[in-house]
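Okay, so here's the structure we're looking at.
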Amino acid sequence: APSPTTAVPYTSVKCIDVRKNHHKTKWLVPWGLNHCEKLKDFDEAVSRQIEANDIVFAVHVPLPGKEMSPWFQFMLFIMQLDIAFKMDNDLKENAEITLDVSLAYRDDMFGDWEEIAHAIEIRKLKCTFGSPKTVDSEGRHYDCDFLPFMEIGSVAHKYYLINIRLPVNERKGINVGIGEIKDIRLVGIHQNGGFTKVWFAMKTFLTPSILIIMVWYWRRITLMTRAPVLLEKVIFVLGISMTFINIPVEWFSIGFDWTWMLLFGDIRQGIFYAMLLSFWIIFCGEHMMDQNERNRLSGYWKQVGPIAVGSFCLFVFDMCERGVQLKNPFYSIWTTEVGTELAMAFIIVAGICLCLYFLFLCFMVFQVFRNISGKQSSLPAMSKARRLHYEGLIFRFKFLMLITLACAAMTVIFFIVSQVTEGHWKWGDITIQVNSAFFTGIYGMWNLYVFALMFLYAPSHKNYGEDQSNGDLGVNSGEELQLTTTITHVDGPTEVYKLSRKEAQE
C-alpha cells in the first residue's frame, strides 16, 4: 500500500473584498472562473488605500486540475503564518490572532458555493526571532509554530474553498500587535486513496474469518457439560470486540457524507484496546499456578479498574476534540494554554501508564514461566504417551505466552507512535514517518492473535484411553483435553491445571 497520508502545501491568495461595490458573491475564489481581484502584496494595498478588513485570504482545495475524492476519508489543515519584523509594528508577547473563517464546497467548476461552516477562532502565536530587533533586521521573518486550523471527518465533495479574514478593531484590541503578516500558508493532510482501498480490503476479508472462528469456538464450548469458565468468556468477548473493529462500515463513507466516522473509529479502537489490555491481565492471572482467586472477574478489579478509568478518560478527551469538531471543524483543544497542557499531559500519562502496564505484564509472564518450569520436573516419571502429551501442551502454552508479550509490545509501540504522529502537526518538532506496513501489520497481528487464541483454547473432544491416562491424577478415559487451566467443574480439572496443582506421578 502507498503511505497512509499525503501532505499538500497551499499558499493563500490575497483577494480584495469589494462587496461594498455590489460584489456578486460572498465567496472569493483565488483562480478559475469569476476569480477575485488579487493583491500582489500589502505594499500594493497601502498604495491603493485598501484596508485590512477588505482583504480576504482565499484557498481553493485541491490545486488546479485536481479533484478531491471520498477515498481520502478525512482532511486535516495546519496553518503557518509568514510574519515579518518591523520596528513600528512589532509582534507582542503572547499575541493572539483572531480569524474569521468560512468553509464552502461545490461538486462542479460552475456551480454555486455552499457553506459548510463559519466560525471566529482565536489562535495563540508562538514565534521566535533569531536576529537582534534593530532597523537592519526589518523585513526578516519570525520563526512561528504551526497552528491547528481545521479537521473534517469526510471528503464527500470534489472542491472546497476556504476564506480567511483577519478583522482589525483597534478599540477592542482585535488583531493588534500581531506583527506584519505577509502570507498565510496551509498544509492539507488527507489519507491516500490507495491505502484506503487496501485497508477496506483487509477489513472485508478479515471480518468473516473472525466471525466463523467465533461461531465454531462458542459451539465447542456449549457442547461441554459444564458452564464456560472466565477465560473462555473473556476470549469470546475479545473476539466480539475484534469483530466490531473489523466490520467494514467505512464502505458507507464512500457514498454518504458521514463526518462522524473518525470519532466512531476512535471509539471502536478504544473498546478493543481496553478489552485486549484487560484480557492479557486475566489471561496471565488465570495461569498463575499459586493464585487462589481464580475464575472470577471480581478477583481482577485492581488491574482491570484502572484500564476502565483510562479508557473513559480517553473517550472524554476524544469527545472534547473530535466531538466538538462535528459542529465546528475549526475547533481544536490545542488552541488554549489549558487545553494544550491537558492534552500533552494526557498523552504523556497514557504513554507512561502503558509502559508500566507492559512491565507488569512481563513480570506476570515471568512468574507463570517459573511456575511451569518447576512443575516440569515431574514429567520424566510419566509414561511416554502422557509425557509427550504434557510436553506438547506446555510447549504450546509457552509459545502463546511469548506471542502475547510480542503482541503487547507492538501494541504499546503502536499506540504511542500513532499519538505522536497525530499530534506532531499540532505541537511542533517531533516528526515520525509511519508507513502503511506498520498500520496493516499491527492490524493483521491483532486478528491473527485473536484467531489463534480461539483456535488453541477451544475445548478439545479427543479421547485418551486408560493406558495413557491412568494414575492417581484421576483422569477419566474420555476426558476433554484443553489448554485452559481454570476448570474445576463437572468435567473435572484440565491437564495443565492438574499439573500445576499436584505432583503428577505414575
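The values are calculated or read from the model by the stated rules, or taken from the named source; none is laboratory data. These numbers were taken from a predicted model, which means no experiment stands behind them. Neighbour counts run over all protein chains shown; Cβ positions are idealised from the backbone, glycine included. SASA here: full protein model, heavy atoms, side chains in, ligands and nucleic acids out. Shrake-Rupley method; radii C 1.70, N 1.55, O 1.52, S 1.80 Å.
Here are the numbers for this structure:
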| quantity | calculated |
| --- | --- |
| Region 244-387: translational diffusion in µm²/s, Stokes-Einstein, Kirkwood Rh over Cα pairs, 25 °C, 0.890 mPa s | 130 |
| Segments 272-282, 298-308 sorted - mean Cβ within 10 Å per residue, highest first | 272-282, 298-308 |
| Theoretical FRET efficiency, 1/(1+(r/R0)^6), r = Cβ-Cβ of residue 352 and residue 38, R0 56 Å, to 0.05 | 0.65 |
| Listed residues 389, 60, 141 arranged by accessible area, highest first, probe 1.4 Å | 141, 389, 60 |
| Per residue accessible area of region 275-370, 1.4 Å probe, in Å² | 51 |
| Anisotropy class of region 194-457 from Cα gyration tensor, a/c 1.5 cut | prolate |
| At R0 = 25 Å, FRET efficiency that the Cβ-Cβ distance of residue 456 and residue 369 yields, to 0.05 | 0.90 |
| Approximate spin-label separation residue 399-residue 222, in nm, with each point projected 7 Å along Cα-to-Cβ | 3.0 |
| Rounded percent of accessible protein surface that carbon and sulfur make up, region 5-190, 1.4 Å probe | 49 |
| Pairwise FRET efficiency - residue 26 versus residue 124, Cβ, R0 = 25 Å, nearest 0.05 | 0.30 |
